[in-house]
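Worksheet for the structure shown next.
Just so it is clear, none of the values below were taken in a lab; they were calculated from the coordinates. Everything numeric here is computed off the predicted structure, so don't read it as measured data. Ideal geometry is used to build each Cβ from the backbone, glycine not excepted, and the neighbour counts take in all protein chains shown.
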Amino acid sequence: MVTDFAFLLQSIAWPLVLLLAWLLAELLFERWRIPRVTSYVAVGLVGGLINLPGLTTDVPGLPFLANVALSLVLFELGYRINLRWFRHNPWMLALGVVESFVTFGVIYWVSGWFDLPVDHRLIIAALSISASPAGVVRVANELRSAGQVTERVMHLCAINCILSVVALKLVVGYWYLSTSGDLVMAAFGSMYVVATSVAVGALMGVAVPWLLRQRSTHERGVTVVFALAVLLLTTAAYGLKLSPLLAALFFGIVARERRVHLTNAQRDFGTAGDLLSVFLFVYIASLLNWADVGAGMLMGLLLIAVRTASKVGCNLVAARLSGITERKGLLTGLALTPMSAFAILLLEQTRLYGFAPAVAVLSAMAGMMLVQELLGPVVTQRALMTAHETHVTKE
Amino acid sequence: MPLETFKSSDSLTMGVELELQLVNTYDLDLSSSANDLLELLKRKPFPGVVTPEMTQSMIEIATDVQREHGPLLAQLQQIRDTLVRAGDRLNIEIAGGGTHPFQRWFEQRIFSKPRFQELSGLYGYLAKQFTVFGQHVHIGCSNADEALFLLHSLNRYVPHFIALSASSPFSQGVDTLFDSARLNSVFAFPLSGRAPFTLSWDEFANVYFTKMESTGVVKSMKDFYWDIRPKPEYGTIELRVCDTPLTVERAASLACYLQALCRHLLERSEPPPEEDDYLVYTYNRFQACRFGLDGMMVNPKTREQISIREDILATLRKIAPHGQALNSMAALDEIERTAGRVGNHATFLRNQYRESGSVQSVVRASVEALRTGP
């Protein structure tokens with residue numbers, strides 16, 4: 001006879017919530033085409049709100065698991081990046097870089113209207129550069145979307161993420177320098193981490209395809225090997241205090257250049273990827289503290305407006321130059337709206353590595369994150385649908 | 001509406017249409033990107049014509065009316081270069097080949113044009129399975145009766161064109177064991193196959209077409225998916241059995257082979273076509289699709305069996321003077337090389353698969369072949 005219901009509830013909280021999130025997502029997608037990830041986030045937020053035991057208390061290993069889930073997405077995103085495209089169409093690269101700088105600048109400037117320390121403003125600006133790969137990739141795959149908006153969103157998202165990590169690492173370096181005056185520590189905190197993460201990811205990107213070429217591996221096998229390699233990479237990155245996200249992204253980019261093909265059916269890493277994705281979004285949402293949400297909401301909404309305007313504006317200006325219509329440029333900018341999963345994990349990880357302001361920033365950005373998490377994927381989805389890059393005929 | 005009058009055109013002029021695949025650079029699957037590519041191409045003059053096709057992952061290009069191999073090839077190469085450059089700008093690869101080796105037909109999107117939507121409504125899943133890529137060659141005819149004479153005289157040579165152009169051995173991820181699996185998709189359509197036998201345009205237009213139209217099944221010649229069909233609005237006959245080859249060079253050679261053959265047939269030195277020729281038509285067609293150049297065909301006149309390869313080589317010897325007269329010996333040489341030595345593009349693709357073990361590599365080889373030529 002079970003008597004300790006609190007203990008039982010605590011034990012089953014995670015699987016129960018995940019199952020619920022999955023069921024809700026299927027229902028809402030079927031009925032109103034609401035992106036599944038939005039439902040996962042909603043369930044995570046409600047879980048956090050009602051303070052479900054077992055969900056909100058620290059469970060060891062969860063941040064790691066979330067990083068693995070996001071690393072898989074980042075690997076897939078990296079694998080979609082065609083470096084040769086930047087050579088054939090340099091406007092794409094220029095757009096990604098300029099837009100990142102503009103977004104950083106305007107967010108830093110506008111956040112100055114609020115009562116925030118400079119280092120917090122710098123962190124918020126650095127994180128605002130990023131677009132959420134998990135949101136973008138998941139939504140695009142869910143719709144089996146294809147076309148210029150989809151392609152561009154993927155490539156710009158990768159550039160945004162790289163520059164966001166670099167900017168954040170520089171901010172962390174600056175913080176170490178200003179608080180401790182230790183130049184070596186500062187340099188270690190920034191450039192070393194970035195360079196080593198890229199190098200480790202790239203090394204994996206050379207090694208794994210080489211390994212796969214040594215023996216003819218069937219297509220599902222290729223996907224399994226890549227997934228295990230991402231797992232290894234994430235573990236190693238933790239051990240070396242590197243950025244697992246940056247490493248996974250470069251692993252994908254370099255592996256793509258070494259040309260071992262994933263099949264169409266293995267997008268999202270199949271069922272295992274689906275499972276991790278449910279967890280990732282629920283977990284990220286559960287990290288937000290509702291008490292912070294209300295306080296930062298006004299600033300959050302303003303920053304979202306400014307960030308969106310920056311991304312849309314830059315894409316509009318570059319649309320014709322880079323070979324698409326203004327309409328598709330506008331939709332590309334809008335589709336880059338999601339940002340939270342990547343930003344939250346990045347912040348969380350920096351906190352784990354001893355960066356004190358991360359906690360305060362997460363709480364300052366709670367309102368922004370909440371809105372972005374819930375609505376970002378919807379905006380991406382509607383942008384792709386408006387661009388007619390999803391199915392025209394009903395199956 | 002009665003069939004329009006057959007417009008007279010210069011005999012033996014030619015035009016080539018190629019349906020091409022749009023492929024994403026990520027996993028080399030088909031990419032629904034026709035809209036984006038066509039939008040970009042609109043900004044500058046295009047060296048020919050480019051139009052959307054049934055699904056978003058295909059486009060069709062067409063040359064101007066040409067008389068000789070040199071200018072035809074030059075225009076095709078110009079078109080190819082323009083397309084490849086535009087594709088590079090949008091991160092889209094372009095490839096020939098009669099089928100995409102592993103695309104999933106149910107994922108294809110019907111191009112949002114009333115005619116395509118209407119066809120999709122009528123043919124259901126067949127419309128999406130029609131995501132196959134062919135080369136069409138038009139040959140100009142001075143009058144309608146000449147068109148029907150050529151159309152039916154060519155019946156015994158149809159296997160040549162299937163075998164020479166075959167470049168669709170893979171479908172839905174597997175080797176079909178056919179050199180041209182594409183034609184099996186075309187054959188599923190109710191109005192495919194051969195044209196009815198008549199050598200009189202008057203009878204074709206006023207009896208056959210009028211009867212068909214009265215059934216409500218057809219509205220125009222576009223509704224027929226015949227292997228060779230008359231095109232009254234252009235004043236041509238249109239050969240439709242070829243897979244899109246992997247290179248524009250091969251496409252130009254096939255067109256010039258047809259042109260030289262038509263010149264030979266117009267000399268009327270061969271026995272005239274008759275209904276009985278079609279007794280072996282479907283069998284010969286099957287042999288060409290299944291075994292390519294190694295297929296065995298039956299000569300409808302003599303009833304003798306001969307390998308398609310041998311028959312092509314013999315025909316080349318016969319039509320060499322016409323090749324000289326038409327300035328297309330370079331094209332006929334390539335046809336001879338294909339039939340006699342290097343084999344068709346289906347063989348090339350199978351070799352790629354054998355070496356790499358992956359259908360993605362087959363697509364990559366197709367993409368490279370279009371870019372770099374033979």
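Enclosing the Cα atoms of segment A:1-153 in their convex hull gives a volume equal to 180 cubic angstrom per residue.
Using Stokes-Einstein with the Kirkwood hydrodynamic radius over Cα pairs, what translational diffusion coefficient do you get for segment B:185-302 at 20 °C and a viscosity of 1.002 mPa s, in µm²/s rounded to a whole number? Please report the intermediate quantities before stating the final value.
Values: Rh = 16.4 Å.
Approximately 131 µm²/s, per Stokes-Einstein.
Between A:A358, A:A383, A:A207, the Gaussian network model of chain A with springs among Cα atoms under 10 angstrom shows the greatest mean-square fluctuation at A:A207.
Amide H contacts under 5 Å for B:Q66: B:M14, B:G15, restricted to partners 5 or more places along the chain or on a different chain, H placed in the peptide plane at 1.01 Å from N. Scaled to the globular estimate 2.2 N^0.38 Å, the Cα spread of the protein assembly as shown, given as radius of gyration, is 1.11. With a simple spin-label model that places each label point 7 Å from the Cα along the Cα-to-Cβ direction, the separation between A:R320 and A:W109 comes to 2.4 nm.
Between B:C242 and B:Q135, the built amide H atoms are under 5 Å apart, and every one of these is 5 or more places off in sequence or on another chain.
Computed over neighbours whose Cβ is under 14 Å from that of B:W226, the net charge equals +3, Lys and Arg +1, Asp and Glu -1. Pairs exceeding a 22 Å alpha-carbon distance, out of B:K7/B:K222; B:K42/B:K231; A:K328/B:K44: B:K42/B:K231. A cut-off under 12 angstrom between Cβ atoms defines the neighbours of B:L41, and their net charge, with Lys, Arg +1 and Asp, Glu -1, is +3.
Grab the beta carbon distance between A:T386 and A:W290, set R0 = 30 Å, and tell me the FRET efficiency rounded to 0.05. Don't jump to the answer; show the numbers that get you there.
On the way: r = 33 Å, r/R0 = 1.09.
Calculated value: 0.35.
Comparing B:E203, B:E17, B:E249 in a Gaussian network model of chain B where C-alpha atoms under 10 Å apart are linked, the largest mean-square fluctuation is found at B:E203.
For a Förster distance of 56 Å, can you work out the FRET efficiency between the beta-carbons of A:L240 and B:E233, rounded to the nearest 0.05?
For R0 = 56 Å, the calculated efficiency reads 0.20.
Length gained on full extension, A:D274 to A:L65, computed as 0.36 nm times the residue gap minus the Cα-Cα distance: 73.9 nm. Placing dummy labels 7 Å off each Cα toward the beta-carbon, the span from B:E118 to B:S142 is 3.7 nm.
All distinct Cα pairs of chain A go into the 1/r average, and the inverse of that average, the Kirkwood radius, is 21.2 Å.
Sorting B:Y26, B:Y125 from the fewest to the most surrounding beta carbons within 10 angstrom yields B:Y125, B:Y26. Taking a point 7 Å from the Cα of A:M191 along the Cα-to-Cβ direction, the residues of segment A:161-176 with backbone N closer than 17 Å to it are A:166-176.
Comparing B:R104, B:R182, B:R43 in a Gaussian network model of chain B (Cα springs below 10 Å), the most mobile by mean-square fluctuation is B:R43.
In nm, to one decimal, how far is the A:V224 label point from the B:Q77 one, both placed 7 Å along Cα→Cβ? The answer from the label model is 4.9 nm. By the count of neighbouring beta-carbon atoms within 10 Å, fewest first, A:L347, A:L246, A:L330 end up ordered A:L330, A:L347, A:L246. For a modelled paramagnetic label at B:K7, 7 Å from Cα along Cα-to-Cβ, the residues of segment B:217-253 in reach, with backbone nitrogen under 19 Å, are B:220-224, B:229-239. Normalised by the number of residues in chain A, the mean separation of alpha-carbon contacts (under 8 Å, six or more apart) gives a relative contact order of 27 percent.
Averaging the sequence gap over all C-alpha pairs within less than 8 Å and six or more residues apart, then dividing by the number of residues, gives segment A:234-372 a relative contact order of 30 percent. Counting charges near B:F189 (Lys, Arg +1; Asp, Glu -1) among other residues having Cβ under 14 Å from its Cβ returns a value of +4.
Need the full-extension length gain, A:E26 to A:F7, defined as separation in residues times 0.36 nm minus the C-alpha distance. One decimal, nm.
3.9 nm
Within a straight-line Cα-Cα reach of under 18 Å, B:K211 can be paired with the following aspartates and glutamates, leaving aside sequence neighbours fewer than 8 residues apart in one chain: B:E4, B:D202, B:E203, B:D223.
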